[in-house]
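Asks: Handing you a structure now.
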Amino acid sequence: MQDIADIFGADGPLARHLAGFAPRPAQLRMAEAVADALDERRPLVVEAGTGTGKTFAYLVPALLSGLRVLVSTGTRTLQDQLFAKDVPLVAGALGSPVRIALLKGRANYLCTYRLARQRAQGALEGIARRDPMLARIEEWARVTTSGDLAEVSELSDAHPVWPQVTSTRDNCLGQRCSDFAGCHVVAARRRAQEADLVVVNHHLLLADLALKEDGFGDLLGTADAVILDEAHQLPDLATQFFGLQFGSRQIENVLAEGRAALLRAGGSLAEIGTTARAAEAAVSAALALLPRNGVRQRFEECSEDLASTLLALATAVQEFSVALADASREPAIEQVAARALELARALERIVGSGENDGARTVESSTRAFSLALLPFDIAERFSGLVQARPAAWVFTSATLSVGGDFSHFATRLGLQDAATLQIDSPFDYETQALLYLPEGMPEPTSPAYVPAVIEATLPLLEASQGGAFLLFTSHRALAQGAQQLRARWNGAAEVPLLVQGEAPRERLLREFREHGDAVLLGTASFWEGVDVKGDALRLVVIEKLPFASPDDPLVKARIEFLRRRGDNPFRDYQLPEAVLALKQGVGRLVRSESDRGVIVICDPRLTGKGYGRTFRASLPAMPVTTERAEATKFLRRMR
């Protein structure tokens, strides 16, 4: 293997081949730690502050190792960037021939079986005019080699035709499908299994165990190393993966698909009519016991009759499954019957779970309801997944530690024995940023709090002339903040006011970047994964410390579970989660060596409560002021 230090040096291949590359000691330090972890096949947790260059720091040792590597990212956007840009750049600079594959979830690939069904259904119903997009897909399907629907121009995953021509784990026939030999999902996974480096995302990686049950192979079992970028997302994603979900819409779909499949096979609906109607009646009975407000609540707070009603629904669905399977041995019908049985068993498990098994929630509307069981503790199961494979596991993100302590992240995933490394951001926060803590703010629970936040923000917006993110901790506070700001400006604002929910997220970000002086108000989805470099963003206002609402059903259930276990919910759960979220929000401001600006945290608890020290210890070291004049002076000087 080439010497890592030489590769990252001033005269190394990266400096020679990549425009703008400059040696960074922090990047070299991380690369050497990753190289050791790959060599020794051991787990490593790395917090790499913004600007470390962590992508190159793990790609270089990965490409030089000679190992088969999976790189998993938090989003499809990062996934595409790695595959199309970062990996080819690094591989080219190193002169390292490597087979690369990009693997997406099955819902991104055309299902030729379902496309043929749509075509046949249209002919059966005598539809004279086909959907133009469906016609375009049919034409494209004749020439595509990848089956990736991203190749179809102007087709988004929100288009109604998308689910009609793709498969899900629920409706895929697997090896029983007549089109299995030409399946694009199978082909994509085969290419991935033959590649040296595969770029996936966390959802796909965590679903790999479920996917292999469908006969599509095991990605993890063939990997020598797994590198997980944006690893701070893993605990919550893995909790969902190890949990259970059930929805009345799933039952409705199974009943509809069962009837349709039976008719296509030449059967009679009379064979399943009684059981299908019984299942529909059982769904209605359960829905009648639930509120219709769309609010998520704890299962334990619902009607006492709900559990028995849901078990009756599970029985009805099982009887439908048996009747459908008895009606025909066609693969498509057997598949629907198996899905119905799986749904019934999931419902029984949710209803029958104990108070320590996980948080049970119910969400209902006028016509549908859904249930979920999310386990409180996934550490043993996740660590078992890691230990069962003799591979190196590298977890990296800019936000994994609380005050330099990795125990919260490591404990949630069962990684207490993993080596850890913290690398501070190389950016000069002492000169690039100023932290402003307004004095005299009311308590965050006060009705006057959000108006006070806007009052504190207005002079700063005037000084900065826009170029600001206002980050809120709830949609209610966001709506109130937008109303207050518009009322104060009274339509006289000289800069665009962009509010989450009033336009798609990517459009809001595009307009923010292009204008250069806009003001954007957002909640959770804007606290992380948003990269605005340059002068367009020079002020970040954080409404309050991002503690999860204790009234949220999941949060409330976890708090009660930790108390039963003898733990301290605030210290062991609520505080570290809020610290990590705050680090993400603060991290929006400085994204490059030339970025400068002011961070405002309005919450008086940062200085008035003892735990405020934990928050401050987790933020980059930068000047702090409580004087508004100093903050406005900093912003005006930038302009």
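The values are calculated or read from the model by the stated rules, or taken from the named source; none is laboratory data. It should be emphasised that the depicted structure is a prediction, and the values quoted were computed from it without experimental measurement. Neighbour counts are summed over all protein chains in view; Cβ atoms, including those assigned to glycine, are modelled from backbone coordinates with ideal geometry.
Asks: Scan the range 15-49 for residues that are under 18 Å from D86 (Cβ atoms), surrounded by 22 or more Cβ atoms within 10 Å (Cβ to Cβ) and not aliphatic (A, V, I, L, M) and jot them down.
Replies: Q27
Asks: For R558, state whether it is buried (at least 17 other Cβ atoms within 10 Å of the Cβ), assigned to a loop (DSSP other than H, G, I, E, B) and under 26 Å from the mean Cα position of the chain (by Cα). Give the derivation first.
Replies: Numbers: buried (at least 17 other Cβ atoms within 10 Å of the Cβ): yes; assigned to a loop (DSSP other than H, G, I, E, B): no; under 26 Å from the mean Cα position of the chain (by Cα): yes.
No, not satisfied.
Here's the yes/no breakdown for (1) in contact with a helix residue (DSSP H, G or I) (Cβ under 6 Å, 6 or more places away or on another chain); (2) free of Cβ contacts under 8 Å to residues at least 24 places away in the same chain:
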residue	(1), (2)
V579	yes, no
R591	no, no
V600	no, no
P604	no, no
V624	no, no
R637	no, yes
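Asks: Could you look through the range 173-185, keep only residues that are part of a helix (DSSP H, G or I) and buried (at least 21 other Cβ atoms within 10 Å of the Cβ), and pick out the one that is nearest to the chain's Cα centre (by Cα)? Show your work before the answer.
Replies: Here is the first cut: in the range 173-185, the residues part of a helix (DSSP H, G or I) are 174-176, 180-182, 184-185.
Retained after the next criterion (residues that are buried (at least 21 other Cβ atoms within 10 Å of the Cβ)): 184-185.
Values: H184: 25, V185: 22 Å.
Looking at the filtered set, the residue picked out is V185.
Asks: Now for a separate question. Can you find, within the range 328-353, the residue that is farthest from A260 (Cα to Cα) among those that are modelled with pLDDT of 90 or more and small (G, A, S)?
Replies: Ranking the candidates gives S353 first.
Asks: While we're looking at this one, here's another question. Failed condition for A340, given (1) without any contact (Cβ under 8 Å) to a residue 12 or more places away in the chain; (2) among the small types (G, A, S); (3) part of a helix (DSSP H, G or I), with all others met?
Replies: Going through the list (1) without any contact (Cβ under 8 Å) to a residue 12 or more places away in the chain; (2) among the small types (G, A, S); (3) part of a helix (DSSP H, G or I), A340 breaks only (1).
Asks: Please state which one of A468, A379 is touching a helix residue (DSSP H, G or I) at 6+ places or on another chain (Cβ under 8 Å) and not assigned by TED's automatic domain parsing to the domain that holds T626.
Replies: Working: A468 fails: not assigned by TED's automatic domain parsing to the domain that holds T626.
Every option except A379 fails the conditions.
Asks: Is it the case, given these coordinates, that S146 is part of a loop (DSSP other than H, G, I, E, B), modelled with pLDDT of 85 or more, touching a His at 6+ places or on another chain (Cβ under 8 Å) and of a type outside the set (K, R)? Steps first, answer last, please.
Replies: Numbers: part of a loop (DSSP other than H, G, I, E, B): yes; modelled with pLDDT of 85 or more: yes; touching a His at 6+ places or on another chain (Cβ under 8 Å): yes; of a type outside the set (K, R): yes.
Here the answer is yes, as S146 does meet what is asked.
Asks: Name the residue that is modelled with the highest pLDDT, counting only residues in the range 415-440 that are of a type in the set (G, A, S) and surrounded by fewer than 20 Cβ atoms within 10 Å (Cβ to Cβ). Steps first, answer last, please.
Replies: Looking only at the range 415-440, we keep the residues that are of a type in the set (G, A, S), and these are 418-419, 425, 433, 440.
Next, only the ones that are surrounded by fewer than 20 Cβ atoms within 10 Å (Cβ to Cβ) stay: 419, 425, 440.
Numbers: A419: 97, S425: 94, G440: 94.
Ranking the qualifying residues of the range 415-440, first place goes to A419.
Asks: So, one more: Of all residues in the range 607-621, count the ones that are surrounded by 17 or more Cβ atoms within 10 Å (Cβ to Cβ) and either in contact (Cβ under 8 Å) with a residue 60 or more places away in the chain or in a loop (DSSP other than H, G, I, E, B) (or both).
Replies: 5
Asks: Return the residue satisfying two criteria in turn: it lies in the range 203-217 and is among the acidic types (D, E) and surrounded by 15 or more Cβ atoms within 10 Å (Cβ to Cβ), and of such residues it is modelled with the highest pLDDT.
Replies: Let us first name the residues in the range 203-217 that are among the acidic types (D, E), namely 208, 213-214.
Narrowing further to those that are surrounded by 15 or more Cβ atoms within 10 Å (Cβ to Cβ): 208, 214.
Working: D208: 74, D214: 42.
Checking each candidate, the answer is D208.
Conditions tested, residue by residue: (1) under 22 Å from T145 (Cβ atoms); (2) among the β-branched types (V, I, T); (3) surrounded by fewer than 19 Cβ atoms within 10 Å (Cβ to Cβ).
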{"residue": "Q81", "(1), (2), (3)": "no, no, yes"}
{"residue": "A93", "(1), (2), (3)": "no, no, no"}
{"residue": "L102", "(1), (2), (3)": "yes, no, no"}
{"residue": "L110", "(1), (2), (3)": "yes, no, no"}
{"residue": "R119", "(1), (2), (3)": "yes, no, yes"}
